[in-house]
Structure formats: C-alpha cells, structure tokens
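Read-outs throughout are calculated quantities, based only on the coordinates presented, and are distinct from any laboratory measurement. Bear in mind that the values here come from a model prediction, so they are computed numbers and not experimental data. So basically every Cβ, Gly included, is an ideal-geometry build from the backbone, and we count neighbours across all protein chains shown.
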Amino acid sequence: MTAQPTPRVFCDPAESEAQYNLRVAFPDFPDVLASWQAATRRVHAARQPVRDIAYGSEALQDYDFFPSGRPGAPLFVFVHGGYWQGGDKNDVGFIVEPYAAAGADAAVLNYRLAPANRIEEMVDDVLQGLRHLMARREAGELTFDPAKLVLMGHSAGGHLVATVACRAEAAGLPAPALVFPVSGLFDLPPLLPSSINHALGLDPARAEALSPLLMAPPANTEFQTVIGEHETVQFHEQARVLAEAWPRVSRHHVVADTHHFTVLNLLADPGQSAVQAMIARMLAL
C-alpha cells in the first residue's frame, strides 16, 4: 500500500501577515499581558517557587521551580510563547497554579530568543532545561517521577514542546508522557511571508526541518491540543492538520470565548472543563 502524504497547512502568502501577526489581530495584548504578570506575581507570592535556576551559562537559560513536596509527583513543565523572539517566564508563571494545586511539581522555562539565536538553539535550550531537571532528580535533589513528565507550551512554546517531544529520546531523555501544545505552530512554511520571520530568518528548508508535523511523533507520548475559540483560521488549521497527521493526538480542546492570548487566562482556572480534563489525565499517568 502506498503511504499517504502528510497533510500540510496551506496559507495564501497574501494572508500570512493577517493570520500570523497576532498582536495586530488581537490588539488587547498589552492588557492581557499585564493580567498575566499580575497573576504571576500572586502565584509567586503564594507558592514561593525557587527562582532563576540556571540550566546553562547564558542569559535566559533558567527556570523557576515549584516543588510539590510529594515524592513520585508528576513534573509539569511550561514553555512560554512570543514567536521565539519575546516573552519570559515571569509573564506566565501563573499557568502552573491548577497543576501545582493538583499535586505536580512544576517548572517554567526560559530560553534564548531571536534574533540573536536560532530556533534550533531554542529547541536545544528546552532539552537542556529538561536534562538539568532530570539530573537533579537523579542526584536526589528532586523527587518527581520522570515517567510522569507533562509538557505544556503556548504558541511558539507549543511548537517547542511538540518538537522536544519528538527529539527527547534521541537526546537521552525520557519521552514525555503527555504534551499539551496550546495554540501551537506545527507547520512553519506558512509563516515565511509574514513580518514574524524578519527576526527568525527562516528559509524554506529550515522551516520544513523545524516543523513538528514532518517529524516522527514519539510512539508513547499522548498529545492533547488546545486552542482559543476566536483564534485566526490558520491557528485552527495548524491544530487540525496535526491531529490528522499524528495518531497520538487524543483530544482537542477549544476554549470558548477566548483568542490566542486570553486562552491562557482560562487555562489557569481550575473550574474550566478543559483544565479539569487535562489535570485528570495527568493524575491518571
């Protein structure tokens, strides 16, 4: 039987800017960002994470760690968005609250950014951050269960966690048990005509090589995609095509009345049905 070609995301080049320049599409971003930062300050005050743990020698190679105090806990790791050229863990640490409250250890990773760094280096950073966490666990400093590794990433972070899941075992790391890409990017060529690519400098060959859609998905990792109801058409298409191509995408959550940025606010709300479903799945590992 002839193998079927991998489905791809198509975007008219003339529409790329409108579909992928999200701070123009959703101009309330500054207010949403301020709400994230305020929520993060509250979670930091309540949870008292260990801040700014270096996993490398360069700026932004660090993470915050929220210990559960429970041996054998899941490890929930969050990777921020920002189109690989912005964002910071101090903007989004609030997202760990429902998962930490459910008993997980949690970490929020920074990584180096464009234009000074390439996306390939950012993938390496996330792998290096995970390697640092695993080494601390092997040294007896941390007590999470490495078989219960859960990754979540937003936007560019969704791309990074999907890519890292495909490469973890080859990098000597345990395959994640569960991955939640939120508003993720899985097929990168549609971005090339947009202004987003100015800082990234992607060419068609690198965009293809960096597209999780074209990678072999890990055999034992479950994926659940998440998206805001009012995302652009292309972001809905990115999630749809990944689910069509990857048999381990078990569920797709559409968060009502949210867009690309406000979706994160509701993903920190333990009363949301999507959050309850994701926590239940994490706890079932």
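A few comments on the model shown:
- Most tightly packed first, judged by the mean number of other beta-carbon atoms within 10 Å of their residues, the peptides 171-182, 203-214, 141-152 read 171-182, 141-152, 203-214.
- Amide H within-cut-off set for D105, under 5 Å, with H built and near neighbours excluded: S68, F76
- At q = 0.08, 0.09 Å⁻¹, base-10 log of I(q)/I(0) for the chain (Debye sum, equal scatterers on each alpha carbon): -0.29, -0.38
- From the alpha carbon centroid of the stretch 209-265 to that of the stretch 21-79 is 21 Å.
- Over the chain, DSSP H runs of length four or greater, each weighted -39,500 (n - 2.57), average out per residue to a 222 nm ellipticity of -11000 deg cm²/dmol.
- If you sort the three axes of the alpha carbon gyration tensor as a ≥ b ≥ c, you get a/c of 1.5 or more for the stretch 142-285 and a/b no higher than b/c, which makes it oblate.
- Of the peptides 66-76, 255-265, the ranking by mean beta-carbon count within 10 Å, highest at the top, reads 255-265, 66-76.
- Percent antiparallel among DSSP beta bridges (both partners in the stretch 13-283, rounded to 5): 25 percent
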